[in-house]
1. Would you kindly work out the equivalent ellipsoid of segment 37-130 from its C-alpha gyration tensor and give its semi-axes, the square roots of five times the eigenvalues, largest first in whole Å?
2. Relative to the Cα centre, what is the charge dipole magnitude of segment 4-140, using +1 at the beta carbon of each Lys and Arg, -1 at the beta carbon of each Asp and Glu, and rounding to the nearest 20 debye?
3. Looking at Ile73, Leu48, Leu240, which one has the Cα that reaches farthest to the positive end of the dipole of the chain (charges on Cβ: Lys, Arg +1; Asp, Glu -1)?
4. Compute the projected area of the convex hull of the Cα atoms of segment 98-137, averaged over all viewing directions, and report it in nm² to one decimal place.
5. Under the rule of -39500 (n - 2.57) per DSSP H run of 4 or more residues, summed and divided by the residues of the chain, what mean residue ellipticity at 222 nm is obtained, to the nearest 500 deg cm²/dmol?
6. Of the accessible area of the chain, with the probe set at 1.4 angstrom, what percent is carbon plus sulfur?
7. Just the number please: accessible area per residue for segment 1-152, 1.4 Å probe, all protein chains included, in Å².
8. Relative contact order of segment 1-105, please, whole-number percent, based on alpha carbon pairs below 8 angstrom and at least 6 residues apart.
Amino acid sequence: MSVGIRLDGVSYRYAGAAATSLRNVGLELEPGRVVGVVGANESGKSTLCLVVAGLAPAVIGGRLEGSVRIDGIETAAMRPHDLAQRCGLLSQNAATQLSGTTATVFEEVGFGPCNLGLPVADVVQRVWAALGAVGIESLAPRDPARLSGGQGQLVAIASILALRPRYLVLDEPTSELDPAGTKLVAEALARIARDTGAGILLVEHKTDVLAQIADEVVVLERGAVAFSGPAAAVLADPRLVELGVESPAAVRLERAVRTSGLEWSAALAKALS
């Protein structure tokens, strides 16, 4: 059986929409890899997340063409609870994904596994493992309603990890976070990919985050893949700016130095990284 998430010739149109939101998209995500997705507003990034996670069209309707497979199985043939355990989805606002029914972070992270009907010992083991994966064991006794933005995102990620999905689909998880919160989430995602072997599809407008942790980057334009490739090459491509995507700070700085006529050296790049 093939391993990974694979999209072949995928097009998607929302129910009642006049235009197609995704057009002939091809994409691959392997376990342990981080694939970043960038693009201007309305380029199809959030729709891609819904399609990859199997929510479109199964839950929200619409028309899907092409093939979406997770570990060789078409998502259209999978039941919702099977999909949730194979591919976890995190939206931009973590607060909307917390249950609002628990008194502690520990109980919040255990909410999903409990609903799978797992033995208590297994739930406890999963919760501690998930909290450890994102480095927030100390938050276990805290009230989920009294966390910072970065902490809330990490709790939401841990809640998904507790379901033991092989893949994570994250839709701009740092969009509402300050630099400190963004750093927390970026470091946690890098640790998850490295330590758990989960494949991560990361939609992110902060290209500095992708420069730090992504292996590959896919650029969307009007629902289609404009270009893709290794993260360093894509994030340094001048076409990004033309497509409404800001380059990472290091790339912008290098361009400014070269434009001024000064020499850009490897030593300078390392000193500024």
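1. Working: eigenvalues 160, 63, 25 Å².
Sorted largest first and rounded, they come to 28, 18, 11 Å.
2. Values: 10 positive and 12 negative charges, 77 e Å.
In debye, rounded to 20, segment 4-140 gives about 380.
3. Value computed over the given set: Ile73.
4. Details: hull surface 11.0 nm².
Its average projected convex-hull area is 2.7 nm².
5. Numbers: 11 runs with 105 residues, N = 273.
It lands at -11000 deg cm²/dmol.
6. Details: 6910 of 13080 Å².
Result for the chain: 53 percent of the exposed heavy-atom area is carbon or sulfur.
7. Working: 7400 Å² over 152 residues.
Normalised by residue count, the accessible surface of segment 1-152 is 49 Å².
8. On the way: 138 pairs, mean separation 32.4, N = 105.
Here the relative contact order equals 31 percent.
The values are calculated or read from the model by the stated rules, or taken from the named source; none is laboratory data. All of these numbers come straight from a predicted model, not from anything done at the bench. Glycine also receives a Cβ, built like all others from the backbone with ideal geometry; neighbour counts cover every protein chain displayed. To get the accessible areas, we keep the full protein, side chains included, count just its heavy atoms, and leave off ligands, DNA and RNA. Shrake-Rupley method; radii C 1.70, N 1.55, O 1.52, S 1.80 Å.
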